[in-house]
Structure formats: structure tokens, C-alpha cells
1. How many of the residues in the range 77-127 are farther than 25 Å from Glu275 by Cβ, part of a helix (DSSP H, G or I) and in contact (Cβ under 8 Å) with a residue 40 or more places away in the chain?
2. Look through Asp273, Asp244, Asp217 and report the one residue that is touching a helix residue (DSSP H, G or I) at 6+ places or on another chain (Cβ under 9 Å), under 21 Å from Thr99 (Cβ atoms) and either in the same structural domain as Ser124 (by TED's automatic domain parsing) or buried (at least 22 other Cβ atoms within 10 Å of the Cβ) (or both).
3. Quick one: Ser28 ticks every box in (1) under 20 Å from Thr60 (Cα atoms); (2) surrounded by 15 or more Cβ atoms within 10 Å (Cβ to Cβ) bar one, so which box is it?
4. Take the residues in the range 323-338 that are of a type outside the set (D, E, K, R), modelled with pLDDT of 95 or more and touching a helix residue (DSSP H, G or I) at 6+ places or on another chain (Cβ under 8 Å), then tell me which one is surrounded by the most Cβ atoms within 10 Å (Cβ to Cβ).
5. Among the residues in the range 294-305, are any among the acidic types (Asp, Glu) and part of a loop (DSSP other than H, G, I, E, B)?
6. Restricting the search to the range 236-250, which residues are more than 11 Å from Ala181 (Cα to Cα), at pLDDT 95 or above and not hydrophobic (A, V, I, L, M, F, W, C)?
7. I'm told Pro313 meets every condition in (1) of a type outside the set (A, V, I, L, M, F, W, C); (2) out of contact with any His (no Cβ under 8 Å at 6 or more places or on another chain); (3) touching a residue at least 60 places away in the same chain (Cβ under 8 Å) except one. Can you identify the failing condition by its number?
8. For residues that are surrounded by 24 or more Cβ atoms within 10 Å (Cβ to Cβ), small (Gly, Ala, Ser) and farther than 20 Å from Leu231 by Cβ, tally how many sit in the range 159-203.
Amino acid sequence: MSVTLKDVAERAGVSRSAVSRAFTPGASVSDATRRKVEKAARELSYHPNALASSLTTGRTKLIGLVSNNFHNPIFLEVFDLFTRGLQDRGLRPLLVNLTDEVEPENSVRMLRQYSVDGVVVASSTLPPGFSKAFRDAGVPVVHSFGRYSSTPEVHVVGIDNVECGRMAARTLVQRGYEKVAFLGGPESATSTQDRVKGFLAELSEYPDIATSCSFADAYSFQAGRREMLRLLQGETAEAYFCGDDVLSIGVLSAIADSGLSVPGDIGLIGLNDMEMAGWENINLTTIHQPIRHIVNSSIELMITMLGEHDRFPEARIFPCSIIERGTLRPIKPTAEMG
């Protein structure tokens, strides 16, 4: 049978409440009592029950980690960083899959059943209404990789996707492409909407460059491949800004299977700079998203909120950068660009 708090109390010669206080950070207990309790616990190989202690403190230390895109390898890195970061700070991540979920209220109900202390919405595609629903329910919430706003309704940590679209457009212009296209994820995703918005806004300053847009049905390899195979049945652009690395890799696969080369026949630029993008057989030129900084900042903000629930919502936005690899032709000299 497992050792109980009562067993430790009897071995230490103290009350059960004293044992409970000894294992509760910040609780009032004398040093002498704490030492007796710790000694008895070691002798009995006793370990405090985290769930039982939450009944005493009223805090579970559970943080709901909510996402909806488990088909994108970039989120393996996101979840790894979040789970380790939360655990290192004494918090317990509870991973929740919201794929195909459309009602924020269902998500709030689910997380409340677990009595989470806070929620991190880790998604660039879930609409702001999801994180707002948690806020309205009185749950501290941070929307990581969420849509940037100068006046956010909840805490947002991420990147400016509109600016990323502009960066991609400028990169293609610098290389002298005259027919370019955006190939994004689901048209309903806020990240897709913002990236194409910036892309088209920047290219509007270059009326001689032909532009077009298309959308895959998911941020996934297969979705990117399917959409590119469809486009290859007609006249293609000279270069594509794929709104995500995993889409880009699907597009790369479709181009190769069609007997064409990258960047010889078609140029590609992605977004995220996930580990796979740097593999030698992929070598994708992309826009680096500082994922580690976003995750760490989100965790710091959540910890602050746990002690300061009425903190005014803020947007923490991190800059991105172009990672030069091998899927775009070289930049044209300024003189040639005329």
C-alpha cells in the first residue's frame, strides 16, 4: 500500500495539518517541524500528492495548453518548449486538442472541469474569440502566436503576420521575379488573412509584377502538395510565398514530381524556419519566427497573471528575419533592377 500523509505524521510525531503545511510553499510551519516531516518522508519514501494538495491551496498549478493544428511539425517544437518551460517553473501542462472545434464555450467548459489555473492558447489559426471566451470566464489566458492588435482584448504574444507578408514580397521583388503568388493555409485562418494582406499590400507598389493567390485547406504537407499539383495543371507563377514551411515542403514535393526544379523553374519562400526547413534535401529559404522567445515570454506573462489577474492586456510582438537558403534565385544587382 502507498504511504499516506497520516503515516508521515505518525512517524514525525506531528499533526496531519503540519505535514500538509510542510509541503505547501509559503505555508506557516517552524523549521524544526519541517525538518522532522522531511526526515519522516524520506524514511517512508513519501511523495506529496499534487492533486490532494490543490484541495488545500485552491490552486492546481494546471495550465491548459490549447491548440488545433497537430498536423504541423512546427507544433512539436512549440509543445516541447511549452511543456518543459512550464514544468521547470513548477506548473503542470494539460494539453488540449481543439482540432475541428468551433464553439469556444465547449473549450471553456472542458478546461473548467480540470480546474486549470490558466490557459495558453497556442495557435495562429484559432480566432480571437477562443481566448476571449476564457478571459470572460475569469480564467487567466495568453494567446501565443495570436493575431496582433494594438488594442488586444487578451494578452497576445507572437509576430506581426502582415509585416511577414510584406517581407516575403520584398524578398521576391529583390530577386527580380515578375510573376509571383501567395499560397496560404486555410483562408479562414487569421494568420493566412494577415500574411496575404501584407503580401498584396507590398506588391501593390509594383504594378508591373503580376500577382495571384490560392489557399490550401490546412497547414499540412499533404494540403500544400495537393494545392500545388492543382496549380501545376495551369500556368504557374515564377515564385511562391507559401504561408508556412510545412506547406512549402508539400509544394516542393509536388514541383519535383512534376519534373520541374526549385529554384530553376519555380522559386519558394516559407515561414517559420522549423528544423526540417534546414535539412539538406529541403534547404528552404524562409522567414524565421522566434518561437523560443515567444514561448518563454508567454510563460513569463502567464506566471505574472497568476498573481495579478487584473493585468491590462498587452501585445508582445517579436521581429522576424529572412533565412537565406536555396529555394530562391540570387538577389538581382540594383543596377539590373533599374
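The values are calculated or read from the model by the stated rules, or taken from the named source; none is laboratory data. Fair warning: this is a prediction, and the values are worked out from it, not measured in the lab. Every residue, glycine among them, receives a Cβ derived from its backbone with ideal geometry; neighbour counts consider all protein chains shown.
1. Going through the range 77-127, the residues farther than 25 Å from Glu275 by Cβ turn out to be 90-92, 94, 100-119, 127.
If we keep only those that are part of a helix (DSSP H, G or I) too, we end up with 104-113.
Subsequent filtering for residues that are in contact (Cβ under 8 Å) with a residue 40 or more places away in the chain retains 107, 111.
Final tally of qualifying residues: 2.
2. Asp244
3. With respect to (1) under 20 Å from Thr60 (Cα atoms); (2) surrounded by 15 or more Cβ atoms within 10 Å (Cβ to Cβ), Ser28 is out only on (2).
4. Here the answer is Thr327.
5. Taking the range 294-305 and keeping what is among the acidic types (Asp, Glu), we get 300.
Filter once more, so that each one left must be part of a loop (DSSP other than H, G, I, E, B): none.
No, the conditions are met nowhere in the range 294-305.
6. Residues satisfying the conditions are Asp245, Ser248, Gly250.
7. So Pro313 meets the others, but not (2).
8. The qualifying residues number 1.
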